[in-house]
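The values are calculated or read from the model by the stated rules, or taken from the named source; none is laboratory data. Computed from a predicted structure; not experimentally measured. When we count neighbours, we look across all protein chains shown, and the Cβ atoms used for this are built from the backbone with ideal geometry, even at glycine. Please note that ligands, DNA and RNA were not included when accessible areas were found on the heavy atoms of the full protein model with its side chains. Shrake-Rupley method; radii C 1.70, N 1.55, O 1.52, S 1.80 Å.
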Amino acid sequence: MSAVDDLIVGYGPEQVEDITIHQDAPGEPAVIETVTVRPLRVFEKCPDGSLKELFGEAKDNALTAFWADVARFNSGEDE
């Protein structure tokens, strides 16, 4: 089995990361710019069929393995 088979990777809810207000000249309307992110959520499939959400280093390691498996598949190495 591969990380692609053992993991579910999805996006979490959209979150506001930063808000910036720009005003080019006095009297002109301000432009409000927001930067939003959708964090990746990683779940490991457990033998009993349940899912366990991964955090921290476990999440980072699982994502590294997942993207390596995706890259191998996309390059035709892993059919």
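To keep it simple, each residue is scored yes or no on (1) aliphatic (A, V, I, L, M); (2) touching a residue at least 60 places away in the same chain (Cβ under 8 Å); (3) touching a Lys or Arg at 6+ places or on another chain (Cβ under 8 Å).
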| residue | (1), (2), (3) |
| --- | --- |
| GLU14 | no, no, yes |
| GLN23 | no, no, no |
| ALA30 | yes, no, no |
| LYS45 | no, no, no |
| SER50 | no, no, no |
| LEU63 | yes, no, no |
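Given region 2-57, what strands (runs of 3 or more DSSP E) lie entirely inside it while holding 1 or more residues that are among the hydrophobic types (A, V, I, L, M, F, W, C) and more than 28 Å from ARG72 (Cβ to Cβ)? I'd like the intermediate steps shown before the answer.
Working: elements: 7-11, 15-22, 31-37, 40-45, 51-54.
Counting at least 1 such residues, we get 15-22, 31-37.
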Consider TRP67 against the criteria (1) touching a residue at least 40 places away in the same chain (Cβ under 8 Å); (2) assigned to a helix (DSSP H, G or I): it satisfies all of them except one. Which criterion is unmet? (1)
All positions within region 25-79 that are of a type in the set (A, V, I, L, M, F, W, C) and over 18 Å from ASP6 (Cα atoms): ALA25, ALA30, VAL31, ILE32, VAL35, VAL37
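For region 1-27, enumerate the residues that are more than 17 Å from the chain's Cα centre (by Cα), at pLDDT below 85 and open to solvent by 90 Å² or more (accessible area, probe 1.4 Å). Walk me through how you get there before you give the answer.
The first filter runs over region 1-27 and keeps only residues more than 17 Å from the chain's Cα centre (by Cα), leaving 1-2, 5, 18-27.
Cutting the leftovers down to at pLDDT below 85 gives us 1-2, 5, 22-27.
Within region 1-27, MET1, GLN23, ASP24, PRO26 qualify.
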